[in-house]
1. Of the residues 13, 33, 5, which is assigned to a strand (DSSP E or B), of a type in the set (A, V, I, L, M) and open to solvent by less than 70 Å² (accessible area, probe 1.4 Å)?
2. Please work out if residue 40 is in contact (Cβ under 8 Å) with a residue 60 or more places away in the chain and either open to solvent by 60 Å² or more (accessible area, probe 1.4 Å) or under 21 Å from residue 109 (Cβ atoms) (or both).
3. Loosely packed, with under 13 Cβ neighbours inside 10 Å, small (Gly, Ala, Ser) and modelled with pLDDT of 85 or more: does that describe residue 106?
4. So which residues in the range 56-84 are among the charged types (D, E, K, R) and either open to solvent by less than 10 Å² (accessible area, probe 1.4 Å) or in a loop (DSSP other than H, G, I, E, B) (or both)?
5. Name the single residue, out of those in the range 92-103 being touching a residue at least 12 places away in the same chain (Cβ under 8 Å) and more than 10 Å from the chain's Cα centre (by Cα), that is surrounded by the fewest Cβ atoms within 10 Å (Cβ to Cβ).
6. Mind checking which pairs have a first residue in the range 137-153 that is without any contact (Cβ under 8 Å) to a residue 24 or more places away in the chain and assigned to a helix (DSSP H, G or I) and a second that is surrounded by 16 or more Cβ atoms within 10 Å (Cβ to Cβ) and of a type in the set (Gly, Ala, Ser), Cβ under 7 Å, 6 or more apart or different chains?
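The values are calculated or read from the model by the stated rules, or taken from the named source; none is laboratory data. For clarity, every value in this text was computed on a predicted model and none was experimentally measured. Here the Cβ positions follow ideal geometry from the backbone for every residue, glycine too, while neighbour counts run over all protein chains shown. Heavy atoms of the whole protein, side chains included, go into the accessibility calculation; ligands, DNA and RNA do not. Shrake-Rupley method; radii C 1.70, N 1.55, O 1.52, S 1.80 Å.
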Amino acid sequence: KIDLIINNAGSLIYENEAINNSKTIKLNYLSHIYLTEKLLRKIKKSNERKIIFISSHVHKNIYLNDNIFKNKKTYSSWKLYKLSKLFLNTYAAYLNNKNLKINIYSINPGRLSSDFKLENYIFLSYLIKFYLYIFGSNLKKVSTKILKLILNNRNNKKKIYFDIDRETYPHHICN
């Protein structure tokens with residue numbers, strides 16, 4: 001049995017790709033689905049039953065149209081990152097709506113002071129790392145807030161999206 005799954009793999013990969021060829025989509029979204037689906041049977045055997053997706057607020061300001069999957073349009077790294085987080089939150093909502101009696105959390109930890117690297121772009125990586133050092137939150141403090149969140153009993157199990165320590169609303173398609 002497994003009590004808790006934490007899906008925290010993620011990266012901003014410099015690429016200009018179609019959605020179906022994107023490394024960002026594969027890492028930030030599909031890897032979470034693969035792992036979660038493989039472990040669902042084991043987590044259902046637990047009394048705790050919690051699945052956590054570490055997400056981002058960036059999915060909220062993305063515009064979707066009907067052609068997003070129909071054409072072979074390529075997207076920038078940033079747009080692919082935002083799409084991957086939108087897809088991840090949509091999957092979390094899907095799981096929650098299946099009534100599996102599993103507590104689902106999709107958590108935006110905010111900007112973190114982390115060891116950020118952008119593949120093949122050393123100078124840009126240092127700039128972003130410096131920005132996160134100044135404006136990012138302490139990883140230990142954020143981890144403590146997330147731990148408190150998942151250890152508390154939630155009154156409303158339908159609310160699954162959180163900004164570290166408070167309920168909030170995701171993109172409208174995630175509902």
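1. One residue alone meets the criteria, 5.
2. On the way: in contact (Cβ under 8 Å) with a residue 60 or more places away in the chain: yes; either open to solvent by 60 Å² or more (accessible area, probe 1.4 Å) or under 21 Å from residue 109 (Cβ atoms) (or both): no.
So residue 40 does not fit the description; no.
3. no
4. Initially, the range 56-84 is screened for residues among the charged types (D, E, K, R), giving 60, 66, 70, 72-73, 79, 82.
Residues satisfying the conditions are 66, 70, 72, 73.
5. Applying the first criterion (touching a residue at least 12 places away in the same chain (Cβ under 8 Å)) to the range 92-103 yields 92-93, 95-96, 100-103.
After this cut, where a residue has to be more than 10 Å from the chain's Cα centre (by Cα) as well, the list is 93, 95-96, 100-103.
Details: 93: 20, 95: 20, 96: 21, 100: 14, 101: 8, 102: 19, 103: 17.
Checked the range 92-103; the qualifying residue surrounded by the fewest Cβ atoms within 10 Å (Cβ to Cβ) is 101.
6. Pairs found: none.
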